[in-house]
Number of protein chains: 2
Amino acid sequence: MIEQLHGNAVVAQSGGPTSVINASACGVIQESLRQGVIEQLYGANNGILGIIQEDLFDLRAESADTIAGLRSTPSAAIGSCRYKLGDLVNDRDKYQRVLEVFRAHNIRYFFYIGGNDSMDTADKVNRLATEEGYEFRVVGVPKTIDNDLVGTDHCPGYGSVAKYLATAVMETGRDTEAMYTFDAVTILEAMGRNTGWIAAATGLARRHEEDAPHLIYVPEIPFSVERFLADVREVHRRLGRVFVVVSEGLVDEKGEYVAAQTDTLATDAFGHRQLGGIAEFLQRLVEQEIGIKARYNKLGTCQRNAIHFASRTDSDEAYRCGQEAVRRAVAGTSGFMVSLMRESDQPYRSAVGLAPLAEVANGIKPLPRDYLDVAGTQITAAMRQYASPLVIGEVPIRIGADGLPEFVRFQRQRVPRKLAAFIGRSK
Amino acid sequence: MIEQLHGNAVVAQSGGPTSVINASACGVIQESLRQGVIEQLYGANNGILGIIQEDLFDLRAESADTIAGLRSTPSAAIGSCRYKLGDLVNDRDKYQRVLEVFRAHNIRYFFYIGGNDSMDTADKVNRLATEEGYEFRVVGVPKTIDNDLVGTDHCPGYGSVAKYLATAVMETGRDTEAMYTFDAVTILEAMGRNTGWIAAATGLARRHEEDAPHLIYVPEIPFSVERFLADVREVHRRLGRVFVVVSEGLVDEKGEYVAAQTDTLATDAFGHRQLGGIAEFLQRLVEQEIGIKARYNKLGTCQRNAIHFASRTDSDEAYRCGQEAVRRAVAGTSGFMVSLMRESDQPYRSAVGLAPLAEVANGIKPLPRDYLDVAGTQITAAMRQYASPLVIGEVPIRIGADGLPEFVRFQRQRVPRKLAAFIGRSK
């Protein structure tokens, strides 16, 4: 039997926010408060940066209402960052600093909610702790709208972006349908720098042949301008309008970003060529080459924070992942990320499992080729079966008397510093 | 007493769609079906174009369920257009064609849901009918997210775009707040080519000093690049992050579009200089001139079709406008647009009045200067008092077993043509 490990815990969030990363934080916090072995519970301002800078705040000082309100508050309430640590040789000073902060505050539990870079960081902290004999447990909680983590059936955050973006495609698809005599082509840019999971999810919006989206383009399939123009012409001839969804990270046969290799590149005031968005590039291409009016929508960060129409299934799973991370750590697990295992499609059921941090850290899961049809521009029944259960239900949100959502914000009672400021060797 | 006018009616939609223009159509249709004097009820495919082309469909053939479902279906289900008719001299052939179609189908009522161009068209059709002694009644129904029609306190469509966009600003404001160590500036581009009503409405999102949006820029106030950069620097210094909302149609002191006069203009494959979006322009400006990372969101048509988080107040008023248009026409009114009159702010109450079509046709209502503060970058209590009641409540939508909204679509049973095809003199 694993011995009980008494001490303090820290929870951190990392990378691009999602609609439900706070639901995971809520799961971690509420479960930690229930576990007697966890004494103090800290939040790290801005992910691993907050730990390195010993910038922690006291989560026990926050009200139960604030903590419960995390489930209806988008983005990363604890604070996030994009700060990639290198390996244990080159960035050893930073990993050692992390352990130094943990030792100074008797932190024995580390819950890191993030993507593969965060799992990589968590893994290395864990390895260094083992090397140095510091008794400590780290469990990762998966988070990414990109849905490209290995070791899990899907990632918390994905179901919500899928639901919101598919809905936006349904709504704006009707706009194109009403306005086809004027604006015949709409191009919607979806997030997804390396994988097409998000763009493909909008295929759920298409219940009938005539529904948007008519064409989907993902980074897993090399993009050809000629084929794209032929596709648009064909749909326009057939339906009189065209609704296109593109992943932001489309690449050509040589693996180069499509939006980077165009004659339409802007030159800025200093003579640098600027990379515009792919949707804008394709909009211009359609107008120039086909001669029909086109427009584009780039939802940007709106898509990853849309708690007002997030998936209940996704949010509940995000919460459960946070909760389970704490239970597993208290029971002795370290060096793993909790993962979601699909047990059944109809009715949909998932369970929480574990994946080694090192495995998650180094992998990326592309959209399977058979989730798209032969042409690669429509989803198949396999994709529908995979993604559909993830968008079921809506997250209840709090709406104020003014008709707008109410979100919570931590008061952030600072934990007194015990160490001198960190002066790293590099960066 | 006005004599009862028996005959057929046609309803048409025009211009950019909104989340609630179908609620107005629903009001027109359901009320027309209740009025004994209205015999056949037709929809015109794609606005005035459908009338000119004698392209009508039978609304009595649609199911009651489809018609009721209009209230939870965004965009223009009847079909819209952007087709501006000229004056009664130059485009006389087209206006005469409209009357010819009306005569051929015994159309005695015309309900046109649209903005000021549509009211202009309706007005001229009405004048020509009077000239030619064709007994006929036309009543306009206001529609525009831009909220810039004169003769009405506000326009159906505005409350919904305000609610959705303010919510998107709240949500993405939290994203900037979490990610400020990486992406410190977010710029959101709001619709509004000539007026700042939409951009200003996002000011409702700012309940506390630190909340987004921190800076709002509208077309009514000439834009200065230098002042913008100073504003951004000041907020960044104070809060560590900046959330900016800009109207798409910002102009400089000379009245020229800001996005048009930049060195960052792209040159397309044919050597033409392309006008990019203002948000993208400002994002590059911040990165180049201030040296902090910025990003932009351009929601485009998403903002005007977001029925999934539309305002109930707005939707109910849109319905009421449609319903009242029919009642007034049946009672003898012609040549007017129904309008919304505010009777009280707290509790909010509005009534339906009438504004002469000709007055609406030629006006545009800018955002009052005192709805913004002295600097012109924040809303005042006056704007809050004006806009706040318009975003209250949510429109109930139908959600399918697949977790996505369900919209209705007309089956469009074509009304047999009675005339030869129209061959106009121009266009």
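The values are calculated or read from the model by the stated rules, or taken from the named source; none is laboratory data. Just so you know, these numbers come straight off a predicted model, no measurement behind them. As a convention, Cβ positions derive from the backbone with ideal geometry for all residues, glycine included, and neighbour counts pool all protein chains shown. Keep in mind that these areas ignore ligands, DNA and RNA; they rest on the heavy atoms of the full protein, side chains included. Shrake-Rupley method; radii C 1.70, N 1.55, O 1.52, S 1.80 Å.
Considering each residue of the range B:155-175 in turn, none proves to be of a type in the set (Ser, Thr, Tyr) and surrounded by fewer than 24 Cβ atoms within 10 Å (Cβ to Cβ).
Applying the condition of being within 9 Å of another protein chain (Cβ to nearest Cβ) and in a loop (DSSP other than H, G, I, E, B) to the range B:176-190 and asking which residue is most open to solvent (accessible area, probe 1.4 Å) yields B:Tyr180.
Here B:Pro74 meets the list (1) within 22 Å of B:Cys155 (Cα to Cα); (2) more than 10 Å from chain A (Cβ to nearest Cβ) almost entirely, failing just condition (2).
For the range B:152-167, the set of residues classified as out of contact with any Ser or Thr (no Cβ under 8 Å at 6 or more places or on another chain) and within 11 Å of another protein chain (Cβ to nearest Cβ) consists of B:Thr167 only.
Of these, A:Glu248, A:Glu280, A:Glu253, A:Glu317, which one is acidic (Asp, Glu) and at pLDDT 95 or above? Spell out the reasoning first.
Numbers: A:Glu248 fails: at pLDDT 95 or above; A:Glu280 fails: at pLDDT 95 or above; A:Glu253 fails: at pLDDT 95 or above.
Just one listed residue meets the conditions, A:Glu317.
Within the range A:50-105, restricting attention to residues that are small (Gly, Ala, Ser) and not in a loop (DSSP other than H, G, I, E, B), the residue that is most open to solvent (accessible area, probe 1.4 Å) is A:Ala64. Looking across B:Asp373, B:Asp402, one residue alone is more than 10 Å from every other protein chain (Cβ to nearest Cβ) and of a type in the set (Asp, Glu). It is B:Asp373.
Kindly evaluate B:Ser19 against the criterion of being part of a helix (DSSP H, G or I) and either more than 20 Å from the chain's Cα centre (by Cα) or at pLDDT 95 or above (or both). So B:Ser19 does not fit the description; no.
To keep it simple, each residue is scored yes or no on (1) of a type in the set (S, T, N, Q); (2) modelled with pLDDT of 95 or more; (3) under 23 Å from A:Gly173 (Cβ atoms).
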| residue | (1), (2), (3) |
| --- | --- |
| B:Ala381 | no, yes, no |
| B:Arg384 | no, yes, no |
| B:Leu390 | no, yes, no |
| B:Asp402 | no, yes, yes |
| B:Val415 | no, yes, no |
| B:Ala421 | no, yes, no |
| B:Gly424 | no, no, no |
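From the set of residues in the range B:135-163 that are of a type in the set (Gly, Ala, Ser) and touching an Asp or Glu at 6+ places or on another chain (Cβ under 6 Å), which is farthest from B:Gly300 (Cα to Cα)? Among them, the one singled out is B:Gly151. Can B:Ile392 be described as β-branched (Val, Ile, Thr), open to solvent by 40 Å² or more (accessible area, probe 1.4 Å), under 28 Å from B:Val139 (Cα atoms) and at the interface with chain A (Cβ under 10 Å from one of its Cβ atoms)? Taking the combined requirement at face value, the residue satisfies it. Among the residues making up the range B:191-202, a single one is under 13 Å from the mean Cα position of the chain (by Cα) and within 12 Å of chain A (Cβ to nearest Cβ): B:Met191. Evaluation of A:Ile2 against the conditions (1) part of a loop (DSSP other than H, G, I, E, B); (2) at pLDDT 95 or above; (3) of a type in the set (Val, Ile, Thr) shows that the sole unmet condition is (2). From the list B:Ile221, B:Ile198, B:Ile216, the lone residue that is β-branched (Val, Ile, Thr), part of a loop (DSSP other than H, G, I, E, B) and at pLDDT 95 or above is B:Ile221.
For the range B:28-45, the candidate set comprises residues that are out of contact with any strand residue (DSSP E or B) (no Cβ under 8 Å at 6 or more places or on another chain) and touching a residue at least 24 places away in the same chain (Cβ under 8 Å); within that set, the residue that is least open to solvent (accessible area, probe 1.4 Å) is B:Glu31.
Assess whether B:Leu99 counts as being under 15 Å from B:Val10 (Cα atoms) and within 12 Å of chain A (Cβ to nearest Cβ). Reasoning before the result, please.
Numbers: under 15 Å from B:Val10 (Cα atoms): yes; within 12 Å of chain A (Cβ to nearest Cβ): no.
No; evaluated as a whole, the condition is false for this residue.
Note on the range B:281-302: residues that are of a type in the set (D, E, K, R) and surrounded by 24 or more Cβ atoms within 10 Å (Cβ to Cβ) amount to 1.
Considering only residues that are polar (S, T, N, Q) and open to solvent by less than 10 Å² (accessible area, probe 1.4 Å), look in the range A:106-144 and name the one that is farthest from A:Leu390 (Cα to Cα).
Let us first name the residues in the range A:106-144 that are polar (S, T, N, Q), namely A:106, A:116, A:118, A:121, A:126, A:130, A:144.
From the residues that got through so far, the ones that are open to solvent by less than 10 Å² (accessible area, probe 1.4 Å) too are A:118, A:121.
Values: A:Ser118: 24, A:Thr121: 28 Å.
Per the stated criteria, the residue is A:Thr121.
Suppose we keep only residues that are within 14 Å of chain B (Cβ to nearest Cβ) and among the β-branched types (Val, Ile, Thr) within the range A:38-65. Which one would you say is nearest to A:Ile107 (Cα to Cα)? Top of the filtered list is A:Ile51.
Among the listed residues A:Ala77, A:Ala104, A:Ala162, A:Ala129, identify the single one that is within 16 Å of the chain's Cα centre (by Cα), modelled with pLDDT of 95 or more, of a type outside the set (D, E, K, R) and farther than 30 Å from A:Pro219 by Cβ. Don't jump to the end; show me each part of the working.
On the way: A:Ala104 fails: within 16 Å of the chain's Cα centre (by Cα); A:Ala162 fails: farther than 30 Å from A:Pro219 by Cβ; A:Ala129 fails: within 16 Å of the chain's Cα centre (by Cα).
The conditions single out A:Ala77.
Against the numbered list (1) in contact with a strand residue (DSSP E or B) (Cβ under 6 Å, 6 or more places away or on another chain); (2) buried (at least 18 other Cβ atoms within 10 Å of the Cβ); (3) aliphatic (A, V, I, L, M), A:Leu5 comes up short only at (2). Quick check on the range A:278-298. Is at least one of its residues within 14 Å of chain B (Cβ to nearest Cβ) and under 19 Å from the mean Cα position of the chain (by Cα)? Yes, the range A:278-298 contains at least one residue that is within 14 Å of chain B (Cβ to nearest Cβ) and under 19 Å from the mean Cα position of the chain (by Cα).
The residue of the range B:303-361 that is surrounded by the fewest Cβ atoms within 10 Å (Cβ to Cβ), among those that are polar (S, T, N, Q) and more than 14 Å from chain A (Cβ to nearest Cβ), is B:Ser344.
Against the conditions (1) in contact (Cβ under 8 Å) with a residue 60 or more places away in the chain; (2) part of a helix (DSSP H, G or I); (3) buried (at least 23 other Cβ atoms within 10 Å of the Cβ), A:Asn147 satisfies every one except (2).
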